[in-house]
Amino acid sequence: MSSILETPETKPSTAEGGLGKTVGMVGTGLAVIALGVATYLFVGLRDARRQIAQLTELASNADKKAKELDLSLAAVRGQTATIAERAGVTEAELEKTATAARQLREEQRKGQEHVASLGGEVGKVKEDVASSKVAIEETQAQLQRAMGDLGEQSGLIARNADELAALKRTGLREYYEFDLAKGKSPSPVGPVAVRLKDADPKRHKFNMVLVVDDLEIEKKDKTLLEPVQFYRKGSRQLNEIVVYAVQKDRITGYLSTPKAGDAAASTK
């Protein structure tokens, strides 16, 4: 018979054993997961370090190339400065020279354009010269020459107003028309003055007084279309008066003088 003081033998419960197994399996699973996460993180960290190392190397190379470029530019500047110094030219003067060269090229371009635009004008001038030459040849064929009262061979003379207009178109000399009546005082005709003393239409003759450079020159018994010749002071160019119409105490004609440039050249 057992004693009431004996402690009954304790046996483990089946429920507690099952719980322990479950906890063990969960722990194992968590360990596996933790290991996988750690492995993933390790691989990612390794790749990140590799990329960082590559970027660092690239940055280092870029910095190295930048330094090399700076050194090259510095060397070029130094060479330019040395050349300029040897030539006695400063950097500002070099820039000024370059600016002048650019301006010169621009002026040359504009000049070429201007020359091109002048092509048409030059052609027109040539045509005008050719037209004037034709007009002179035609006028020479129509007009006549005569011996003047000073024994000098006259140029072309006009026998009426139409022929005088043709002479003017040639542009060889200056022409001043006049229609003078008999008077007591001289009348201005171009650079001189003329006073008609009398005119005889039947004989086609007249008498006149010329005032040339403050000197009076009397021309007596002159004939229709006879060149009345005279010289002005300081010039060897001949001046002529031609009368192509004689009426009672009235004459009509013109004064022919050299061009201003021709007269000036003859004094030299």
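The values are calculated or read from the model by the stated rules, or taken from the named source; none is laboratory data. Owing to the predicted nature of the structure, the values given are computational and were not obtained by experimental measurement. When we count neighbours, we look across all protein chains shown, and the Cβ atoms used for this are built from the backbone with ideal geometry, even at glycine. What goes into the accessible areas is simple: the full protein's heavy atoms, side chains included, and nothing from ligands, DNA or RNA. Shrake-Rupley method; radii C 1.70, N 1.55, O 1.52, S 1.80 Å.
Cβ-Cβ distances below 6 Å connect the following pairs, each with a first residue in the range 164-175 that is closer than 10 Å to Pro258 by Cα, a second residue that is basic (Lys, Arg), and a separation of six or more residues or different chains: Tyr175/Lys168.
Residues of the range 233-247 that are modelled with pLDDT under 95, on the phi < 0 side of the Ramachandran plot and open to solvent by 40 Å² or more (accessible area, probe 1.4 Å): Lys233, Arg236, Gln237.
Condition check ((1) modelled with pLDDT of 95 or more; (2) of a type in the set (S, T, N, Q); (3) surrounded by 13 or more Cβ atoms within 10 Å (Cβ to Cβ); (4) under 27 Å from Met208 (Cβ atoms)) across all residues:
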| site | (1), (2), (3), (4) |
| --- | --- |
| Ala92 | no, no, no, no |
| Arg102 | no, no, no, no |
| Arg109 | no, no, no, no |
| Glu137 | no, no, no, no |
| Asp149 | no, no, yes, yes |
| Ala158 | no, no, yes, yes |
| Tyr175 | yes, no, yes, yes |
| Phe178 | yes, no, yes, yes |
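The residue that is nearest to Pro227 (Cα to Cα), counting only those in the range 188-215 that are out of contact with any strand residue (DSSP E or B) (no Cβ under 6 Å at 6 or more places or on another chain) and free of Cβ contacts under 8 Å to residues at least 40 places away in the same chain, is Arg203. Would you check which residues across the range 196-216 are surrounded by 14 or more Cβ atoms within 10 Å (Cβ to Cβ) and of a type outside the set (D, E, K, R) and list them? Listed by number, the residues that qualify are Leu196, Ala199, Pro201, His204, Phe206, Asn207, Met208, Val209, Leu210, Val211, Val212. Report whether or not Ala193 is part of a strand (DSSP E or B), surrounded by fewer than 17 Cβ atoms within 10 Å (Cβ to Cβ), on the phi < 0 side of the Ramachandran plot and under 55 Å from the mean Cα position of the chain (by Cα). It is true that Ala193 is part of a strand (DSSP E or B), surrounded by fewer than 17 Cβ atoms within 10 Å (Cβ to Cβ), on the phi < 0 side of the Ramachandran plot and under 55 Å from the mean Cα position of the chain (by Cα).
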